[in-house]
1. Condition test on residue 132, is it within 17 Å of residue 32 (Cβ to Cβ) and touching a residue at least 60 places away in the same chain (Cβ under 8 Å)?
2. Just need a number here: residues in the stretch 34-72 that are of a type in the set (A, V, I, L, M, F, W, C), open to solvent by less than 100 Å² (accessible area, probe 1.4 Å) and either out of contact with any Gly (no Cβ under 7 Å at 6 or more places or on another chain) or in a loop (DSSP other than H, G, I, E, B) (or both).
3. I need a count of the residues in the stretch 96-119 that are within 20 Å of residue 64 (Cα to Cα) and open to solvent by 30 Å² or more (accessible area, probe 1.4 Å).
4. Only one of (1) under 19 Å from residue 35 (Cβ atoms); (2) surrounded by 18 or more Cβ atoms within 10 Å (Cβ to Cβ) fails for residue 75. Which number is that?
5. If the Cβ limit is 8 Å and pairs must be 6+ apart or interchain, which residue in the stretch 14-33 that is open to solvent by less than 80 Å² (accessible area, probe 1.4 Å) pairs with which residue that is modelled with pLDDT under 60?
6. When you look at residue 176, is it among the polar types (S, T, N, Q) and not in a strand (DSSP E or B), yes or no?
7. Scan the stretch 120-165 for residues that are among the hydrophobic types (A, V, I, L, M, F, W, C), at pLDDT below 95 and either open to solvent by less than 10 Å² (accessible area, probe 1.4 Å) or in contact with a Cys (Cβ under 7 Å, 6 or more places away or on another chain) (or both) and jot them down.
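The values are calculated or read from the model by the stated rules, or taken from the named source; none is laboratory data. The shown structure was predicted, so the numbers you read here are calculated from the model rather than taken from an experiment. Cβ: placed from backbone, ideal geometry, glycine included. Neighbour counts: every protein chain shown. The area values use the complete protein model at the heavy-atom level, side chains included, leaving out ligands, DNA and RNA. Shrake-Rupley method; radii C 1.70, N 1.55, O 1.52, S 1.80 Å.
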Amino acid sequence: MKKKLLLLIILLTAQFTFTQENYKKPYFTGSISTTFAINENYTLDPDDDESFLEPASLLIRLGAGYQLHRRWQIGINAGFDHHFRFGINAIPLYGSLRYNIVDKDNDNFFIEYNQGKMWRPSSKYENGNYYGLGVGVQVTGASRWNTIVRLDYHKKAIQNFKNGHLDSVSIGIGFSFF
């Protein structure tokens, strides 16, 4: 009787182990985003071909991380930010924590929190802190590539800047590779 019970436990354990999908895996991610501002030269005259909104920054991000569970991911990221209007260049280095609110057929709707340090290549402003909060959608693609569309709030704490920080909301597109 003990041998049959032991055999049953081994078979059930093997079945459970091999049928479960492994969510623990490393990943690589990248994105390009922009913020928009109201065009200062915009007029209501339709003949001048000026748009109401214009890009105000370019934000490039690259990162690597680890998926802990099908809903949780952690990562470390670096980027380059250029804000056209203020002439600010910044290099943020930050950690990220992502929670997949909805996970259906490997397509995800997620929320992500970022926090880290920010360095500026010029001496015009002091180095500061970087914070971010975003939402996005990750759509499963062919093989291991996924497309990401995201909306992020960024807060860059800069001492010598007006109000001591630069806040922005960006929209972007990116990828993840598992």
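1. No; evaluated as a whole, the condition is false for this residue.
2. 6
3. Qualifying residue count, the stretch 96-119: 10.
4. (1)
5. none
6. Against the criterion (among the polar types (S, T, N, Q) and not in a strand (DSSP E or B)), residue 176 does not qualify.
7. 158
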